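Below: one structure, written as structure tokens.
The values are calculated or read from the model by the stated rules, or taken from the named source; none is laboratory data. The shown structure was predicted, so the numbers you read here are calculated from the model rather than taken from an experiment. FYI the Cβ positions are ideal-geometry reconstructions off the backbone, even for glycines, and counts take in every protein chain you see.
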Amino acid sequence: MTSKLEKALDDMIDVYHKYSEKRPNSDDYLQKHEFRQLLKQNAKSFLKYEYIDDLFKKADRNRNEYLHFEEFVTTLAKLAIHAHNISHEPCDETPGKPGDGQGQGQGHGHGHGHGHGPN
């Protein structure tokens, strides 16, 4: 039986391949428009659209205007860390505030119930 983590990793690879264009004699990679489309269609609850271009710029470490798989995975890890941190923020009763499950949607309510740091 496949674990949730194994499925998540497989899904991440599948999504990358779905949006990256295959080129003969070349590595597969994401162009900026492919990266933007991928995030808008698959991670819209985790980010605001104006943030996407900034993510691409920061992820494109070698400044070649493409994201190879390693750069893509690094970006997903940063998104996951951001979403995790926001999920621990206190809920605000005002709609659209981070941590309320609305707004950017990072308050995903996974309710894992662990604390961070000494009590």
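Listed values, structure above:
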{"read-out": "Top-ranked residue in the stretch 58-100 [being small (Gly, Ala, Ser) and surrounded by 15 or more Cβ atoms within 10 Å (Cβ to Cβ); ranked as modelled with the highest pLDDT]", "value": "ALA59"}
{"read-out": "Of all residues making up the stretch 11-51, the number that are under 17 Å from GLU71 (Cα atoms) and modelled with pLDDT of 80 or more", "value": "23"}
{"read-out": "Pairs, first over 18 Å from VAL15 (Cβ atoms) in the stretch 73-88, second exposed (fewer than 13 other Cβ atoms within 10 Å of the Cβ), C-beta under 8 Å, six or more apart", "value": "SER87/GLY109; SER87/HIS110; HIS88/HIS116"}
